[in-house]
Every structure is written in C-alpha cells, then in structure tokens.
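Let me begin by presenting the structure, written as structure tokens, before commenting on it.
The values are calculated or read from the model by the stated rules, or taken from the named source; none is laboratory data. Small disclaimer: the values here were computed from a predicted structure and weren't measured. All Cβ positions, glycine included, derive from the backbone under ideal geometry; neighbour counts span all protein chains shown.
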Amino acid sequence: MNARLILTLFSLATVACTTPRPIPDASPDVTLAPIDTGVTVDAALDGAFADQRTDDAPIADSGADSTTSDAATDVARADGATREAGAARCDSDAGLGDGGCVLCPVSSAGLLNQCTNNGCARFDNGRCGRLLPDGGLPPLP
Amino acid sequence: MSILVKLVVPLVLAAVAAPSVAGAQTVECESLPGRVYGLGGSAQRPFIARVASLLAASTPPMTVIHQAPGACNGINALINNTRMSGTASYWLADGTERQCTLPVTGQAVDFANMGNTAPNCPGVASLPPTIGDFGTSVTSWNVIVPLASSQQSISAEALYFVYGWGAQSQVAPWIDESALIRRDANSAAALFISLATGLPVDRQRGIDARTNGNTVTLVAGATNVNAAIGYVSGEVADANRARVRTLAYQHFGQRCGYWPDSSATALDKRGVRDGNYWLWSVNHYYARIDAAGVIENPRARAFIGYLTGTTPAPAPLDVLRAEITTGNIPRCAMNVWRDGDLGALYSLQPDEPCGCFFEFTATGRAPDSCVSCAGGARCPDAAPVCRRGFCEVL
C-alpha cells in the first residue's frame, strides 16, 4: 500500500458522512445516470460515501446545520445517487461512484441513505454468520 | 381472557413496575387535588413526571396519578374498563415522586399512554370508536449497551439474530442470554424492535426487565459489559446517559448506522428529525370520547389537550419545552414524518417550524444558521417568522 493510497483511505474515513444534507422535498426520486464512470481516487476525496468508512468506527459530527439554510448547494454528486426531478439545488453537483448517498431524498429508503452531516457507524453484516447467502434472514430455530 | 386475569395481571405488573420511593409517606390517591389517572408504558415516564410536577404547581393544581405496567396494559384496561389498583405514582411541584394508594374498589383509568398504535397490542384487534387516539411528540427507540461496551452500532439483521437466536446467534459479543435484556409483548419498546426486525415479539430471548427503567439498571449493571444489550425509549436513554450508551442503528438496506442524534454524544436529535434514524414513533395518549370525538372525562380532556396543544397549558407548564428537555421531539422540529408504527418516511414541512428553538433548548446552543429575533430584530426573508425567539420559515 503506497503512501498516496494510505492518505486517500484516511481522508475518506475523516470525510465520511459529512456531505451537507439537502432540504427534503416532496417529489419522487429520480435516478441519475452516471456522469463520470471513471471516478478517480482524487475525485472521491471531494465527497463522501456512507459505505466507505471503517466498520463500527463512529464518524464525528461536522457541526454543520441546515435548519433554515440552503444547505444542498455544496455537495458532491454520486454515480447512482438520486435527486428530485427539476430541483435546481441539485443541478450543480459533481459525481462520484456507485453506492453514494442520496442527494435529494424523497422515498423512505432515500431518506435513510441521504447525504448528511450526521455522524454514523457502519455495522458489518458479515458478523452475522447465520445470514443466508442472499443476505436474507433464516427462520427462527 | 378471564375477568380475574384482567383484574389481577395489571395489579401484579404495576407492583413490579412501581418504583421504590425511599422515605415517602403513602397517602390515599383520593385525597389529592385535581386527580387524573393514567395507565400505560414506562417509556414516557420522564416526560409524564415533568408535566405532572408542573401541573402540580399550576393554579388550581392538577395531580397526575400514573402506573406504568407496560404500554399495552394501559390501552387494554381502557378498552375493557379494567380498574387500576394498588399504589400509583404522583409528583409534587418540586418534581419529587410519591406513591399513593388507590381505592380498594379500584380506580377507573382516565387516559392510557404508549408509544405504539393500539392494533399492535396483544388483545386489541382495532381501536373501538369510543376510544380516541391523540398523537403528541416523537420518541426514538434506542438500543443500549453499558458505557464500557466496545460496540458502536448494530444492524436490523444483527438484532434479529441476537434476540431471536440468543446464545446461538453467532453475533458476538451478544451471545450471552443472561445479558440480553428484553421486554414482553405488552411493551412498546419490544414491539418496535420486533416490527423493525421482523422478529415475532413473543419469540424474543433474554431477561424480561419489565420496565424501561429496569432495562437501564440491568444493562448498566451487567458484569459482562460487551455482552449486555437492551432497548428503551429515547427519553429514558437520555435520562441515563451517565449509565448506558446508545448504539447507532443500521436498518435493512441502510449503508451506515445512525444515532438518534447527530453523534453518539449530541442532543440535537438530528438523526430522527432528518430521517437517518429508523426507530422512532409518535407518543400516543388514549381516552374515552363521545360521538363528537370529544374526550368525556374533563380532566383527561384538559390534560391531553395540553399535550396536543388544543388547550392552552396553565403556567408554569410549557409543553414544548417539557417535551424537548426530556428527550422528545415536537412535530414542529421534525423534517420527516411517517404514518403508523414504523411506516415509510416522507418529508415534512411542519405548519409552524421550530427547529431553531428545538436545538437551542435541547443543546443549549442554536446552530449557526439560526437567527435570533429575541430582541425584536427583523428576520431575513429566508426565515421571516419570529417564533419562540428565532427566525423560522413560514
């Protein structure tokens, strides 16, 4: 592992979950076509992925807030991320790779995976040895 | 269910749930002024205690007399006309909790309280038209561990295995069933863990703690700190942050686990308010209503009216502040909402947003984006309404 990669991983761990939260709206989610399928490591440093952090490692809150502000203007776009159709605040984002947080969440699943300033700690379901191969839950014994 | 069981079960559960109030003198409940009798869950006990003490200080005073044998015991008693008996808690104006003795013939229940809707309770197929359901603030449901636990988060899948498979779950370190603290099927906390994971509530393994408070006691006192785990309401978890710690929760399909707050130590409830945190519900109060939907009992009508905001609360009760300072979230501070127990999330623009006031009251500091208008300052166009000292959106 070279120094550049180590620096990259460190940076990802520190920026994870710090993408500003867009203000929720009430239109359907629309999946964006990938804008840049050749995302580089450098580009990834400009954004955040919820699944790119150390398992079970808590990520500190950035302290930012969007209670009354336009908080969605300085976010990075993710390949496969979703946004509200026609939402101007989502149109100036820059792209990242598959698995990114949802920029303009509307659906329940989108809200759960929205881009946010809130800290998080991923639980690795690989610790659940009884999960079925497809990730499903077996019946109780 | 036989009449004997209906009468005795709540009494036994109430006896188990009744807190020990050292040095307190027990009085007859009927001797207290402005009595209103409530029965239900222990999840909202800190809030009920706060409101009760403020109402005891009002003029004329109202005395809230409450038993907390479990969420569904309250609504079942209300529906079946089961009377409260034994002893119950009430609160003095200074916040002191005391016990009083209920009439030997029992006492009718004026209101029931719980965190879930009635149809999710055992024995309640649907809410009868004679019972009104009044939603108030929001509470989270928190998975808790001892302060010294090495764990930071848990997923829905892991919770299913831990509580459904017990020692055979293979989800270390939660594989000691004597350290798995659970509740029974009448508990709102247990119902929400089961609703979230798909685990039948009557199949949960572990030790039944009987109340939210006792869950904290058992988890905090566990000898194997890494194996211990339990679940309680957010306000009970918040009231016991010196004893237990809340895990981040990662729901099915979620890419990361989130806390009810923006971090493990914050008090802002951003995880719930923004929709990152799945485990939350509306606090429900129930009472008998007439054909017009009006609560029949005048004191229950006043009490629930204070909580829902339909009746002005008497000084010194400030319901919004009481909700916030006990770890609950008023609807006006929510950015998302849901219908029913753990229903799908959707965006919410409250009628009169109070996010800035909420964060200021909950954390002691308003976010930088909030503008104070306490001194009569003009609010900006983006948040033009001065509400409770802060410029908020319309």
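Before moving on, here are some points about what is shown:
- Residues of the range B:24-62 that turn out to be assigned to a loop (DSSP other than H, G, I, E, B), among the hydrophobic types (A, V, I, L, M, F, W, C) and in contact with a Ser or Thr (Cβ under 7 Å, 6 or more places away or on another chain), as a count: 2
- Residue B:228 vs. criteria in contact with a Pro (Cβ under 9 Å, 6 or more places away or on another chain), surrounded by 23 or more Cβ atoms within 10 Å (Cβ to Cβ) and within 14 Å of another protein chain (Cβ to nearest Cβ): no
- Test: residue in the range B:259-273 that is among the hydrophobic types (A, V, I, L, M, F, W, C), more than 30 Å from residue A:124 (Cβ to Cβ) and touching a Lys or Arg at 6+ places or on another chain (Cβ under 9 Å): no
- Top-ranked residue in the range B:247-267 [being more than 8 Å from every other protein chain (Cβ to nearest Cβ) and surrounded by fewer than 24 Cβ atoms within 10 Å (Cβ to Cβ); ranked as farthest from residue B:117 (Cα to Cα)]: B:265
- Answer residue from the range B:157-187, given it is part of a helix (DSSP H, G or I) and of a type in the set (D, E, K, R) and is nearest to the other protein chains (Cβ to nearest Cβ) among those: B:157
- Residue match in the range B:188-207 (condition: outside any helix (DSSP H, G or I), away from chain A (no Cβ under 11 Å) and more than 29 Å from residue B:348 (Cβ to Cβ)): yes
- The residue list B:143, B:104 contains one member that is farther than 18 Å from residue B:295 by Cβ and in contact with a strand residue (DSSP E or B) (Cβ under 7 Å, 6 or more places away or on another chain), which is B:143.
- Restricting the range B:107-131 to residues that are farther than 25 Å from residue B:331 by Cβ, of a type in the set (A, V, I, L, M, F, W, C) and touching a residue at least 60 places away in the same chain (Cβ under 8 Å), the residue that is nearest to the other protein chains (Cβ to nearest Cβ): B:109
- Among the residues of the range B:204-229, the ones that are charged (D, E, K, R) and free of Cβ contacts under 8 Å to residues at least 40 places away in the same chain come to 1 in all.
- Taken together, B:299, B:365, B:338, B:378 contain a single residue that is surrounded by fewer than 21 Cβ atoms within 10 Å (Cβ to Cβ) and touching a Cys at 6+ places or on another chain (Cβ under 9 Å), which is B:378.
- If the condition is being touching a residue at least 60 places away in the same chain (Cβ under 8 Å), more than 21 Å from residue B:287 (Cβ to Cβ) and not β-branched (Val, Ile, Thr), then the range B:319-346 contributes B:320, B:327, B:333, B:334, B:335, B:342, B:345.
- Top-ranked residue of the range B:146-156 - restricted to ones that are of a type in the set (A, V, I, L, M, F, W, C) and out of contact with any strand residue (DSSP E or B) (no Cβ under 6 Å at 6 or more places or on another chain), ranked as nearest to the other protein chains (Cβ to nearest Cβ): B:156
- Taking the criterion of being among the polar types (S, T, N, Q) and either under 30 Å from residue B:336 (Cα atoms) or assigned by TED's automatic domain parsing to the domain that holds residue B:293 (or both), the residues of the range B:132-183 that qualify are B:136, B:137, B:139, B:140, B:142, B:151, B:152, B:153, B:155.
- Filtered by the rule that a residue be assigned to a strand (DSSP E or B) and over 18 Å from the mean Cα position of the chain (by Cα), the range B:295-350 gives B:295, B:336, B:346, B:347.
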